[in-house]
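Only one structure is covered here, and it is reproduced in the block below.
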Amino acid sequence: MKFPFYFSQKIAFAKDNKNNLSRIIIFIGRLSVALGIIVSLITVSTGIGSKNAIKNRMADFAGAVQIKSENASSSYNSATLNSAALDLKALKESPVVEKVQKFVTVSGIMRTEQNFAGIIFKGIGNDFDHARFAQFLTKGTTPKVSEKGYSNEVVLSEKIAKDLQKGVGDSIVAIFSRVDQSPLYRKFKISGLYKTDIKMIDDLFVLGGINHARRIQDLSSMEVGGYDVFLKNNGDLDADFPLIQALAGEGNRAEKVTDRYPQIVDWINIFDTNIALIITIMLVVVVINIIMVLLILIIERTRSIGLLKTLGASNSQVRMIFINYTLLIMIPGLIVGNAVGLGFLLLQKYFGLITLNPENYYVSVVPIDLNPLYIIGISVGILGISALALVLPSVLISKISPVRSITYN
């Protein structure tokens, strides 16, 4: 074991430090490290957790990627997909794709005697992933659809159902406009209610049988408006998108979920700025406190520094002793900070203690992402940056004269 590290261990864990005048400043240094770890862990875990939760909800509702016709307008009425150009078999067999399901969308109005709501009717087929959608269901069941007939069951969002004062088992009338602009009335039975906490989805989408949407759009039983593509890993969306785009075919286009709701993506990207800002502030606070601890330790142990130099220790060795000493002082703060921070995050993850207003935050409970890389990276990062920051103030040791320091009082 090298002399500087050995000696720093001896003085860091010596029993007489408990009654030393520096114990208060050491306590403050450890407290700042613990608070820095706690705040950094909470900031990173909740920030990244919120980003991932919102993106996953959008992707799980209607696919991480949608393939639809290039002629599709912004009116939500599906244009006919060029199915001949789409390599559907290769798409389904792609190693990055988990599920592909067809849809046809059409805009309309649902009304009661007291109120009405503008809707996007999304027609789903027999390949609909009922198990994936179950996470959004709050009451009832998803529609039982068939490609051969017309299913009158629909799923409404809790928001639409509340506005229309309807519930599971109730009937509801919807009005659509055909291609020739003539109105088409349909009576549906509400089979279930869903909630994604994403306002742009909950305010509009109603799920029902695809043949209703086909008839309104004057499509044949073989034609579709597009396909929802669900990936095995939503985190790889940007990397996997070119593969899906290449299979879309001429006349069709692929659209990422992040492009479908750009305003939401812009909002959650603010998390990156907030995370960077908060961590920077905490690093500055921790580094300042640790430098303060080092300077006080140097002043307090001036005589020891002089004695070490007299016995032949070089300036660099003495500097490393005090840098190691200060870093060892930080270890209890790191341990306590990680224990408290991770304890709080685990409580939030499994019990959802802190809730949010979904209209403002797109999630109803603060989500947590406990990535081991982030957890280890925060502790190692704070320790490493502190070690670098201590190099400059430790230069003060080289200015201390052995003769004067031994007689220092």
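The values are calculated or read from the model by the stated rules, or taken from the named source; none is laboratory data. What you see is a predicted model; the values in this text were computed from it and never measured. Quick reminder, even Gly has a Cβ in these numbers, built from the backbone with ideal geometry, and neighbours come from all protein chains shown.
Quick check, is SER379 farther than 20 Å from ILE281 by Cα and either of a type in the set (Gly, Ala, Ser) or not assigned by TED's automatic domain parsing to the domain that holds ALA34 (or both)?
The answer is no for SER379.
Is at least one residue of the range 148-161 buried (at least 19 other Cβ atoms within 10 Å of the Cβ), within 15 Å of ALA248 (Cα to Cα) and β-branched (Val, Ile, Thr)?
no
Exactly one condition in (1) modelled with pLDDT of 95 or more; (2) part of a helix (DSSP H, G or I); (3) of a type in the set (S, T, N, Q) is false for ASN211; which is it?
Going through (1) modelled with pLDDT of 95 or more; (2) part of a helix (DSSP H, G or I); (3) of a type in the set (S, T, N, Q) one by one, ASN211 breaks only (1).
Quick test for you: out of LEU277, LEU297, LEU373, pick the one residue that is touching a residue at least 60 places away in the same chain (Cβ under 8 Å), over 30 Å from LEU204 (Cβ atoms) and hydrophobic (A, V, I, L, M, F, W, C).
LEU297 is the lone residue from the list that is touching a residue at least 60 places away in the same chain (Cβ under 8 Å), over 30 Å from LEU204 (Cβ atoms) and hydrophobic (A, V, I, L, M, F, W, C).
From the list LEU345, LEU390, LEU334, pick out the single residue that is closer than 27 Å to ILE275 by Cα, at pLDDT below 90 and surrounded by 17 or more Cβ atoms within 10 Å (Cβ to Cβ).
LEU390
Are any of the residues in the range 6-15 at pLDDT below 65 and in contact with a Phe, Trp or Tyr (Cβ under 7 Å, 6 or more places away or on another chain)?
yes
Out of all the residues in the range 176-190, which are at pLDDT 95 or above and either surrounded by fewer than 14 Cβ atoms within 10 Å (Cβ to Cβ) or over 14 Å from HIS212 (Cβ atoms) (or both)?
ILE190
Just one of ILE201, ILE216, ILE210 is of a type outside the set (D, E, K, R), in contact with a Leu (Cβ under 7 Å, 6 or more places away or on another chain) and surrounded by 22 or more Cβ atoms within 10 Å (Cβ to Cβ); which is it?
ILE216
With the range 221-295 as the region, which helices (runs of 4 or more DSSP H) entirely inside it contain at least 1 residues that are loosely packed, with under 13 Cβ neighbours inside 10 Å and modelled with pLDDT under 90?
262-268
GLU255 fails exactly one of the following numbered conditions: (1) under 30 Å from ILE42 (Cβ atoms); (2) within 25 Å of the chain's Cα centre (by Cα). What is the number of that condition?
So the condition that GLU255 fails would be (1).
Would it be correct to say that ASN338 is of a type outside the set (A, V, I, L, M), assigned to a helix (DSSP H, G or I) and either assigned by TED's automatic domain parsing to the domain that holds PHE136 or out of contact with any Ser or Thr (no Cβ under 7 Å at 6 or more places or on another chain) (or both)?
no
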